[in-house]
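**Student:** A single structure is presented below for examination.
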Amino acid sequence: MKRTYLALTGLALTCTALSAALPQGSLPLARANELFDGRPLDARNFAILARPVGADDWNLLVLEQLRRRPACWQPRGDGLIDPSLNRFDFTGICSRYLDSNGYSLRINRDDLAGSWRLRLVQRGSTLLLQASSVASPTDLVVGRAEVSRRDRDGFVALQLDPGWELQRRSFGNQALSHIYFANGSSLPQLIAQASGPSLQAPPSPLEPPQTPPQTPSQTPPQTPRQSLLARRSNPGRDWPQAGAGSNGAELPPMQAEPGRTIALQVIPFRE
């Protein structure tokens with residue numbers, strides 16, 4: 001106990017010295033980054049659980065198995081978790097991390113315990129472990145679980161999303177009783193990923209519509225002269241096609257020479 005007291009006293013003196021040397025605005029983050037580090041943990045020795053509270057609330061807690069026996073938690077047949085440590089003296093066997101004093105967020109080697117908090121949010125049958133901050137409109141999803149049923153004696157096991165892991169806070173060579181939900185990416189990168197891709201802007205109303213390509217089977221539009229002759233023709237007869245005379249004989253093609261006017265052939269009108 002005496003050795004622990006001396007270590008804590010030294011830590012307090014170090015923090016006091018940093019308080020005088022650092023600017024007031026950068027003190028909390030700089031102090032945590034200078035003093036503390038994170039050590040990866042074996043996820044098999046931990047259970048990240050959601051405990052039901054009341055009608056629809058949840059509390060986050062982390063259990064650690066220090067010794068192999070007895071088990072601090074056990075899976076139930078319905079998919080929930082039985083916190084079996086409540087049935088024996090778990091001193092030296094299990095550790096519990098119940099609130100922000102026991103766990104916090106660590107992103108890209110930055111301790112965000114003072115600005116980000118962890119909470120559980122249920123959306124339908126999905127339970128999300130989110131990190132939120134008053135300085136950011138975007139929440140970060142740290143882990144999730146599917147809720148099969150709600151039982152006050154059954155906890156829900158959460159799985160961390162890819163990129164997230166548990167770490168232990170350390171001070172120099174000394175491991176502390178504090179757990180990090182850690183991610184190696186930068187905070188702006190995680191916020192951009194959580195925000196999702198931006199929606200594509202709709203086309204401008206001033207943009208002219210695109211005309212579909214004309215296929216060879218489509219008939220080209222008539223010229224004003226062809227339209228007039230078609231209206232004056234006998235409805236019972238077919239108008240001679242281009243390249244054919246009034247008696248159906250083939251007419252020689254008209255070719256234009258440079259610098260000369262093209263003479264149009266006149267087809268007599270018959271009643």
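The values are calculated or read from the model by the stated rules, or taken from the named source; none is laboratory data. This one's a predicted model, so the numbers in the text were calculated from it and none came from an experiment. Here the Cβ is made from the backbone with ideal geometry for all residues, glycine too, and neighbour counts use every protein chain on show.
To keep it simple, each residue is scored yes or no on (1) out of contact with any Pro (no Cβ under 8 Å at 6 or more places or on another chain); (2) at pLDDT 95 or above; (3) within 23 Å of Leu140 (Cβ to Cβ); (4) of a type in the set (D, E, K, R).
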residue: Arg44; (1), (2), (3), (4): yes, yes, no, yes
residue: Gln65; (1), (2), (3), (4): yes, yes, no, no
residue: Tyr103; (1), (2), (3), (4): yes, yes, yes, no
residue: Gly114; (1), (2), (3), (4): no, no, yes, no
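**Student:** So Leu120 clears everything in (1) surrounded by 15 or more Cβ atoms within 10 Å (Cβ to Cβ); (2) not in a strand (DSSP E or B) except one condition, right? Which one?
**Tutor:** Leu120 satisfies every listed condition except (2).
**Student:** Still on this structure, please answer the following. Considering every residue within region 67-74, establish whether at least one is out of contact with any His (no Cβ under 8 Å at 6 or more places or on another chain) and at pLDDT below 95.
**Tutor:** So far as region 67-74 goes, yes, one or more of its residues are out of contact with any His (no Cβ under 8 Å at 6 or more places or on another chain) and at pLDDT below 95.
Let's see how each residue does on (1) within 30 Å of Gly77 (Cβ to Cβ); (2) in contact with a strand residue (DSSP E or B) (Cβ under 9 Å, 6 or more places away or on another chain); (3) free of Cβ contacts under 8 Å to residues at least 12 places away in the same chain; (4) crowded, with 20+ Cβ neighbours inside 10 Å:
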site	(1), (2), (3), (4)
Asp110	no, no, no, no
Val142	yes, yes, no, yes
Ala175	no, yes, no, no
His178	no, yes, no, yes
Ala182	no, yes, no, yes
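**Student:** Name, by its number, the condition in (1) in a strand (DSSP E or B); (2) without any contact (Cβ under 8 Å) to a residue 40 or more places away in the chain; (3) touching a Leu at 6+ places or on another chain (Cβ under 9 Å) that does not hold for Pro137.
**Tutor:** Checking Pro137 against (1) in a strand (DSSP E or B); (2) without any contact (Cβ under 8 Å) to a residue 40 or more places away in the chain; (3) touching a Leu at 6+ places or on another chain (Cβ under 9 Å), the one that fails is (3).
**Student:** Considering region 70-98 alone, what residues qualify as being part of a loop (DSSP other than H, G, I, E, B) and free of Cβ contacts under 8 Å to residues at least 24 places away in the same chain?
**Tutor:** Pro70, Ala71, Gly77, Phe88, Asp89, Phe90, Thr91
**Student:** Would you point out which residue out of Arg106, Arg168 is over 22 Å from Pro52 (Cβ atoms) and either under 23 Å from the mean Cα position of the chain (by Cα) or not in a strand (DSSP E or B) (or both)?
**Tutor:** Being over 22 Å from Pro52 (Cβ atoms) and either under 23 Å from the mean Cα position of the chain (by Cα) or not in a strand (DSSP E or B) (or both) holds for just one of Arg106, Arg168, which is Arg106.
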